Amino acid sequence: DLSAAQRKFAHSLRDFKFEFIGDAETDDERYIDASLHEFSNFLKNLEEQREILAMSVTETLIKPLERFRKEQLGAVKEEKKKFDKETEKNYSLLEKHLNLSAKKKELQLQEADNQVEQNRKHFYELSLEYVCKLQEIQERKKFECVEPVLSFFQGLFTFYHQGYELAKDFNHYKTALQINIQNTRNRFEGTRSEVEELMNKIRRNPQEHKRANHFTMEGYLYVQEKRPAPFGSSWVKHYCMYRKETKKFSMIPFEHRSGGKVGDAELFVLTYCTKRNADTIDRRFCFDLEASDRPGVPVTMQAFSEEDRKLWMEALDGKEAVSIILKIFFHSVVGAQLDKIGFTIIKKCISAVETRGINDQGLYRVVGVSSKVQRLLSLLMDSKTCNEVDLENSVDWEVKTITSAMKQYLRSLPEPLMTYELHGEFIVPAKSGSPESRVNAVHFLVHKLPEKNKEMLEILVKHLANVSKHAKKNLMTVANLGVVFGPTLMRPQEETVAAIMDLKFQNIVVEILIENHEKIFKTLPDATFPEPISMSVSPPNAPPRQSRRQGQRIKRPLAVYNLCLELDDADSHSSPREDTPTGSMDSLSSQSPTPAFSSSPLGLLDENHLVMDSGDLAGWTTNLSAQSRPSMVSWMNIPSANLAATDAALPNFIFPSPAPGTDRAVESVAHRKARAVYPCEAEHSSELSFQIGAIFEDVQFSREPGWLEGTLDGKRGLIPQNYVQFL
């Protein structure tokens with residue numbers, strides 16, 4: 001019953017997939033689905049082993065014991081029957097002999113004595129045989145019974161050992177899943193308050209939160225459907241959408257009584273719209289539309305209220321249109337602008353934070369007292385008092401008050417720093433694409449920002465990069481800063497639940513900016529970069545260690561994509577940033593979201609920057625075919641055999657094998673040094689074993705795809721390509 005239940009559960013897990021709100025899944029959501037699928041395979045394999053165990057019990061335990069019972073114990077039972085029969089016969093004869101009269105003739109008595117003696121000898125021989133058989137069966141039991149039991153236990157131990165091995169293989173999925181869960185919990189906490197706030201705003205003023213999208217107007221209307229004379233007419237609920245630029249009006253029938261059944265859409269070009277007076281129809285809030293393909297045949301529609309009809313009339317250019325401007329209301333501080341005072345505020349706040357509180361735990365996450373924040377902000381925004389405020393030396397202003405004032409100023413701008421216009425374009429690459437394509441897309445879009453916006457963004461991002469370098473003390477990793485500044489630097493022009501679901505992708509964009517600020521702000525983007533970014537790009541998947549032998553299981557797991565324990569400060573940030581095409585691959589901007597600030601052990605995890613030569617490797621990634629990029633399924637099927645727990649959180653980056661025609665790239669990497677970022681145990685005499693931090697000399701590409709050749713401690717051998725970073 002247990003096995004059947006677990007097989008059923010495994011089958012359910014295999015087909016299970018979370019639904020998501022929004023138009024794209026995060027890497028965490030994709031990896032959760034894949035990990036649950038792997039758990040399904042784990043249970044399935046476990047139950048297969050259990051089935052093998054159950055089948056082997058018959059051969060190893062039950063049949064041998066049954067054979068012993070029949071052949072050995074059966075034989076002894078026959079001997080016992082024979083012995084009991086002879087015993088009874090012997091003692092009967094003896095008793096009869098003892099009852100003979102002493103008056104019998106001597107010859108008769110002697111003959112009786114001989115007969116008894118002969119019978120005694122026969123009984124003695126039989127007794128010896130029976131005793132010998134008893135001794136034999138007692139000795140046989142010690143091995144013929146125990147040996148099958150031992151075989152059974154060996155099978156049982158094998159089953160549990162195989163379960164242990166399967167659990168070890170699944171361990172890195174479990175570790176990754178714990179991080180994914182932490183990420184999704186953090187995003188839930190972040191979005192829950194936003195959704196509740198939006199709900200309260202809509203409740204207070206519904207009209208100010210109508211959807212602002214490519215449709216001029218949309219919503220439900222009742223459409224009059226005329227029937228033959230005896231039957232009159234009926235009113236059917238439709239969801240209607242109208243675009244003023246093209247004058248296209250579409251409507252979809254919707255009947256909530258039938259469980260939300262949706263009918264076929266109808267589209268027509270609008271000719272005119274006229275308000276229906278109350279004296280011409282027995283229903284209120286009605287208006288007529290006429291389509292270009294049906295002149296003289298108006299369609300009568302009914303709105304939900306007089307206000308709703310006015311909105312439709314305005315949008316449809318009706319005869320009694322009322323001008324109503326729909327806009328999104330954001331709380332703002334009067335006078336917040338990207339001007340000289342604004343730059344002064346940001347620079348003063350940054351200088352004070354870096355002087356006084358760069359190591360404060362939860363920097364930018366811990367908020368100041370609202371009244372103090374407003375007071376400081378009003379002083380800073382007043383040109384008369386701005387220069388008099390001393391933030392670096394004054395004890396009157398706490399660091400949390402300064403950081404909160406700076407965030408409040410940025411949120412109070414009439415338009416977010418990264419603009420409404422480019423908001424959607426920034427979100428697109430964060431939802432999909434390889435790490436390099438994400439960085440290139442953000443790089444390209446940053447240079448489309450207005451000059452003042454770009455200048456302010458550069459000042460701020462440079463500061464945030466400095467904050468992240470002190471993450472061991474302040475716990476503000478790149479990911480945590482992304483959670484804080486995603487909604488501050490970016491926001492949509494409309495507040496909807498769907499927009500709130502994009503908060504996680506805003507965080508990714510901010511992380512990319514922080515990790516790659518030198519490249520993004522100090523260099524010009526590629527002029528040939530496509531615009532806009534395609535949403536069809538496959539999600540990034542780092543490669544597993546390549547297997548050198550046919551049929552062998554790949555035992556090296558890919559390290560968990562988004563958290564790592566810093567090896568040391570010098571190694572993490574020693575290489576020049578201009579050589580970094582994609583920045584450090586240490587957070588969700590490269591792979592997937594990382595946990596927000598937390599006092600848990602996860603909050604202490606930091607990023608490890610990965611540096612490579614952009615000139616040498618830029619051409620390789622563009623030449624990679626789709627077939628050479630491992631799919632998520634192949635990645636998630638890599639078992640973990642001997643990855644240490646701390647190593648499971650290290651980031652990874654694809655070092656693709658050079659494509660044909662890239663000899664220059666090969667030459668530039670040959671004879672370089674490289675450092676190990678994962679531990680490795682050799683599985684063949686031609687491979688090298690090493691620990692994290694090992695330095696390889698004379699590193700160059702092997703003829704085998706996915707492998708390098710290098711020298712370590714005087715020994716030369718093969719190195720998994722994605723286990724090292726070039727120095």
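Here is a list: Lys89, Lys70. Which entry is loosely packed, with under 13 Cβ neighbours inside 10 Å, in a helix (DSSP H, G or I) and among the charged types (D, E, K, R)? Of Lys89, Lys70, the one residue that is loosely packed, with under 13 Cβ neighbours inside 10 Å, in a helix (DSSP H, G or I) and among the charged types (D, E, K, R) is Lys70.
Just a yes or no: is a residue in the range 122-129 closer than 30 Å to Gly482 by Cβ, assigned to a helix (DSSP H, G or I), without any contact (Cβ under 8 Å) to a residue 40 or more places away in the chain and hydrophobic (A, V, I, L, M, F, W, C)? No: the range 122-129 contains no residue that is closer than 30 Å to Gly482 by Cβ, assigned to a helix (DSSP H, G or I), without any contact (Cβ under 8 Å) to a residue 40 or more places away in the chain and hydrophobic (A, V, I, L, M, F, W, C).
All of Asn200, Asn180 fail the test of being open to solvent by less than 40 Å² (accessible area, probe 1.4 Å) and in the same structural domain as Leu46 (by the TED database), apart from Asn180.
From the residues in the range 1-34 that are among the aliphatic types (A, V, I, L, M) and open to solvent by 30 Å² or more (accessible area, probe 1.4 Å), which one is nearest to the chain's Cα centre (by Cα)? Talk me through it step by step, then tell me what you get.
Step one: list which residues in the range 1-34 are among the aliphatic types (A, V, I, L, M), which gives 2, 4-5, 10, 13, 21, 24, 32, 34.
Next, from what is left, pick out any that are open to solvent by 30 Å² or more (accessible area, probe 1.4 Å): 2, 4-5, 21.
On the way: Leu2: 30, Ala4: 29, Ala5: 27, Ile21: 15 Å.
Looking at residues that are among the aliphatic types (A, V, I, L, M) and open to solvent by 30 Å² or more (accessible area, probe 1.4 Å), I get Ile21.
The set of residues in the range 331-356 that are free of Cβ contacts under 8 Å to residues at least 60 places away in the same chain, open to solvent by less than 70 Å² (accessible area, probe 1.4 Å) and in a loop (DSSP other than H, G, I, E, B) comprises Gly335, Asp339.
Name every residue in the range 670-708 that is in contact with a Cys (Cβ under 8 Å, 6 or more places away or on another chain) and open to solvent by 30 Å² or more (accessible area, probe 1.4 Å), in order of residue number. Within the range 670-708, Ser689 is the sole residue that qualifies. Scanning the range 367-376 turns up one or more residues that are touching a residue at least 12 places away in the same chain (Cβ under 8 Å), under 20 Å from Val483 (Cβ atoms), of a type outside the set (Ser, Thr, Tyr) and surrounded by fewer than 21 Cβ atoms within 10 Å (Cβ to Cβ). Regarding the range 425-433, can at least one residue be identified that is more than 18 Å from Arg491 (Cα to Cα), in the same structural domain as Asn474 (by the TED database) and open to solvent by 10 Å² or more (accessible area, probe 1.4 Å)? Taking every residue of the range 425-433 in turn, at least one turns out to be more than 18 Å from Arg491 (Cα to Cα), in the same structural domain as Asn474 (by the TED database) and open to solvent by 10 Å² or more (accessible area, probe 1.4 Å). Scanning the range 259-275 for residues that are touching a residue at least 24 places away in the same chain (Cβ under 8 Å) and open to solvent by less than 50 Å² (accessible area, probe 1.4 Å) turns up Phe268, Leu270, Cys273, Thr274.
The values are calculated or read from the model by the stated rules, or taken from the named source; none is laboratory data. Since the structure is predicted, the reported quantities are computational estimates derived from the model, not experimental observations. Reconstructed Cβ throughout: ideal geometry from the backbone, glycine too, with neighbour counts over all protein chains shown. These area figures cover heavy atoms from the full protein model, side chains too; ligands, DNA and RNA do not enter into them. Shrake-Rupley method; radii C 1.70, N 1.55, O 1.52, S 1.80 Å.
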